[in-house]
Structures are given as structure tokens and as C-alpha cells.
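What follows is a single structure, written as C-alpha cells, with notes after it.
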């Protein structure tokens, strides 16, 4: 047995008992013939003492910070006046009988308690960076919050269905990541920007309450709150209207906030029409904390325009996406900019947290919308034939939403970027510095995938950027 207790379990009840703990050397302090070792695991920190009489004393003196070790010994109460109230084990210490070194550690590229470390250095050594207490707390909170979400939706009769990562390229507002197919030369998969189409197909299939903690991928420029791959809570329901969506979202968040933060948020949330929000706040993401005074100011933005005019391409685009149910269908072709959609965003403290809509469940209406967006009948069949076909087979009215979990957890942990709440994020240039990805692949792999890289164009591109 490599440990009898996790460090956070050590307390006064174990006074006089023999224990074995394992972890990393946080600090060492030598006072004459006595050496103090602060041992750390993710559950806590413990002061351990070894004297010069111990045969492992010289081995202990040679320990480097962040070495991985195991200690056996007895737990004793600390002398009065020497307790450490800042840690849970601060009333006791271990008198070391035996030391085992699993792995020593070379000189660190940065100190784990150092604040101003270059982010790219941190990401290169992310396996060390993740030993930081702040990062571990953020990821443990993330686990707790997502568990609360899963528990709530399970209790409400939703089932989690995993949807494919290899799919078809469809226009959803951002660039797709594409993947070549070796067994189908010249053809490509696309990684999903969201499970949108799959979850609509699940509604046609009769799964009336679906959710998924889903990975989504978008090839877009990065900001502090964006990553090329991110995680969202994806939900879809059949036989619902907007009010049903608002209710399930509000109760889910109320449950998760209470379970993970012990905070009671007030529901229902305030609602503001898109047009009114733009007039009053010049934004569809208003920060209402000054008006409300809840540390967390939620508001629904509703009644979005169905279409917006693209001056550059001289055509209409969908304000949200092409699958939102439009209202006042009788004027759609005549006055498209007056058409509203059954869409809604949820804003928290000035950040868009959720986006969703009641979907089009009638294939004729979907075809009309495609036509308004300049998607020909031929292109509609090529890109969305499977959806139009599915909608014609007794599709129920349905709607849903997605919440950006990375962004939400960033707000709740009050961190500066979503990279602080993701275990292995990409940097600002969408690179994984630790793995050195993206990277070139060898000619054999390119040939198998039927791809030829024009290296001269790559060189010219690099020079132009420089």
C-alpha cells in the first residue's frame, strides 16, 4: 500500500497513530539536526519532521522541490503556539520513520507559487502548472458544477446521448475544422461546431428530452473567452414552447448554483426584447449588475430578428442559424427584416452565456428559410437533405439551447480567461505548446490521405506574416 490516508484526511483523531502518505515535496526547511518537509497532494498539505538520528535524514536533505515521495511515520499534535490555522492539517505533524523517493525532480522551469509567469511557459509545462492550487481548485469546481448539471437533467427525465465528432461541413457561422478520409479519397469530414443537427434528428427519433456535455470545435480567431475546442451543455426538448425552455434553464442553473456554490439565485430571470436592449444599452449583452445590485445578473434577450442583411455579399443571413422558427411567416419574403425568430440568449454580467431557439419542424418552412438565405434547392438537398427528409417524417415541435460551460465556469471562478478552467487549453494562437500541435505530418501519411501540401505557398505565407 503506497498510502493509508490522503493528506487532507490527517487530523487530531489520528494522534499517536502510524500512517503512510504520498505526494509532492512542497518545501523543505532545515533547522540544525531537524528537517521539516511540507508534503502536498490535491487534498491538502502536511508538515512532516525528520531528525538527524533517522537513517533517511541525508536522503531527505537531498530532496528537491516537487519530488514525488512517500513517508511513513506517526501523527502527533503540534506543540501549543506552533499550529498553522491556514491549512486543515495545521494542528498536527508527522514524525517520519521512513522515506521512499518515487521520483526526484530537476530544477523547475518556474516556481509554482510564482504569479507573473509567461503563459506560454506555463502551457508548455502544463503538467507542472496543473499542480498549482488555484488551477486544481478551478478544475475541481468545474467537476462539481458539471456533476450538478448532470444530476439535475437526469432527475428531470433527460438522457445523455453522445453525438459523432466526424460529420459533415454545414454553415453554422464559423469555419469548420476538416478531416480527410483515407478510405474515401478526396472527401472530408468536418468536426462539429455544435451537435445542432444531430439533436434535432434525435427529436424526430422520439427522444423528447436530450442533453449532452458536448465537445464543439470552431476554427476561429481567439480571445480570452474563446478556444478552438470548447465544452457546452447541449439540450433539446420536444413539444415545447419558449416558456418551457426558460423554466428548465432557470431551474437547472438554480440547482447548480446552490449545489456547487451554496448560492440562491432568484428566478425567473428578467426578460428584455432585443430591440429594447439595443436602444437602451446599445448592446444585446447588457451588464445589469448596477441595476440589480445579485452579484450574478441574469437576463433573457428575446425576439431577435430572423434575418440580417449582409451588405458585402448583398444577401440575407440568419441572425442565429437557419433552423430557428420564424414568426409572422406571411411577410417573410416581402419584409424579411421585420420577421422575428423564436430565439433567445441568456446573458450573465454582460457575457452571452446561452443561445437557443424553437426549431423549424416543418420541411416546407425550412425550405422557404433556405431560399431566403440564398441556398438553392439543389444546395439545400446536398447539404441538408437528411434533415429535410427527417422533418417530413412526422417531426414534432421542438426547441433547445446550448450553454458555454467554459465561459460560465470562468465567470464563477473569477479567472481572467477560460484557459484557467480548462485542463489542457490551446494558447492565443490555437497551438498546444506542450504537444507541439498542430505539427507537420510525414509524406506517407499525406499520401494515404490523398493530400498534397503546397510548401511554397506555406513559405510565402510565413514571410508575409513576418
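Restricting attention to the range 12-38, the residues being farther than 24 Å from residue 106 by Cβ and surrounded by 15 or more Cβ atoms within 10 Å (Cβ to Cβ) number 3.
Residues that are assigned to a loop (DSSP other than H, G, I, E, B) and exposed (fewer than 11 other Cβ atoms within 10 Å of the Cβ) are absent from the range 91-104 altogether. Checked against the criteria, residue 112 counts as surrounded by 16 or more Cβ atoms within 10 Å (Cβ to Cβ) and either over 21 Å from residue 44 (Cα atoms) or out of contact with any strand residue (DSSP E or B) (no Cβ under 8 Å at 6 or more places or on another chain) (or both).
Is there any pair linking a residue in the range 213-239 that is at positive phi to one that is crowded, with 21+ Cβ neighbours inside 10 Å, with Cβ under 6 Å and at least six apart or on different chains, and which? Close Cβ pairs (under 6 Å, with a partner that is crowded, with 21+ Cβ neighbours inside 10 Å) do not exist here. Sort through 83, 114 and tell me the only one that's farther than 30 Å from residue 418 by Cα, in a loop (DSSP other than H, G, I, E, B) and modelled with pLDDT under 95. Going through 83, 114 in turn, just one is farther than 30 Å from residue 418 by Cα, in a loop (DSSP other than H, G, I, E, B) and modelled with pLDDT under 95: 83. Only strands (runs of 3 or more DSSP E) whose full extent lies in the range 172-225 are considered here, and the ones with at least 1 residues that are in contact with a helix residue (DSSP H, G or I) (Cβ under 8 Å, 6 or more places away or on another chain) are 178-180, 209-217.
When the range 344-356 is filtered for residues that are in contact with a helix residue (DSSP H, G or I) (Cβ under 9 Å, 6 or more places away or on another chain) and under 17 Å from residue 197 (Cα atoms), only 356 remains. Scan the range 395-412 and tell me whether some residue there is out of contact with any helix residue (DSSP H, G or I) (no Cβ under 8 Å at 6 or more places or on another chain) and within 25 Å of residue 339 (Cα to Cα). Looking through the range 395-412, at least one residue is out of contact with any helix residue (DSSP H, G or I) (no Cβ under 8 Å at 6 or more places or on another chain) and within 25 Å of residue 339 (Cα to Cα). Within the option set 382, 368, being more than 32 Å from the chain's Cα centre (by Cα), surrounded by fewer than 21 Cβ atoms within 10 Å (Cβ to Cβ), assigned by TED's automatic domain parsing to the domain that holds residue 201 and closer than 27 Å to residue 215 by Cα holds for one residue only, 382. Going through the range 289-319 one residue at a time, which ones are touching a helix residue (DSSP H, G or I) at 6+ places or on another chain (Cβ under 6 Å) and within 22 Å of residue 194 (Cβ to Cβ)? If the condition is that a residue be touching a helix residue (DSSP H, G or I) at 6+ places or on another chain (Cβ under 6 Å) and within 22 Å of residue 194 (Cβ to Cβ), then 301, 304, 307, 316 are the ones that fit.
Just one of the listed residues (49, 21) is in contact with a strand residue (DSSP E or B) (Cβ under 7 Å, 6 or more places away or on another chain), in a strand (DSSP E or B) and within 24 Å of residue 129 (Cα to Cα), and it is 21. State which residue is nearest to residue 133 (Cα to Cα) when the search covers only the range 52-77 and only residues that are part of a strand (DSSP E or B) and under 40 Å from the mean Cα position of the chain (by Cα). Out of the qualifying residues, it is 68. The listed residues are 322, 363, and the only one of them that is closer than 19 Å to residue 235 by Cα and either touching a helix residue (DSSP H, G or I) at 6+ places or on another chain (Cβ under 6 Å) or outside the structural domain of residue 196 (by TED's automatic domain parsing) (or both) turns out to be 322.
The values are calculated or read from the model by the stated rules, or taken from the named source; none is laboratory data. Since the model is a prediction, treat every value here as computed from it, not as a measurement. Neighbour counts are summed over all protein chains in view; Cβ atoms, including those assigned to glycine, are modelled from backbone coordinates with ideal geometry.
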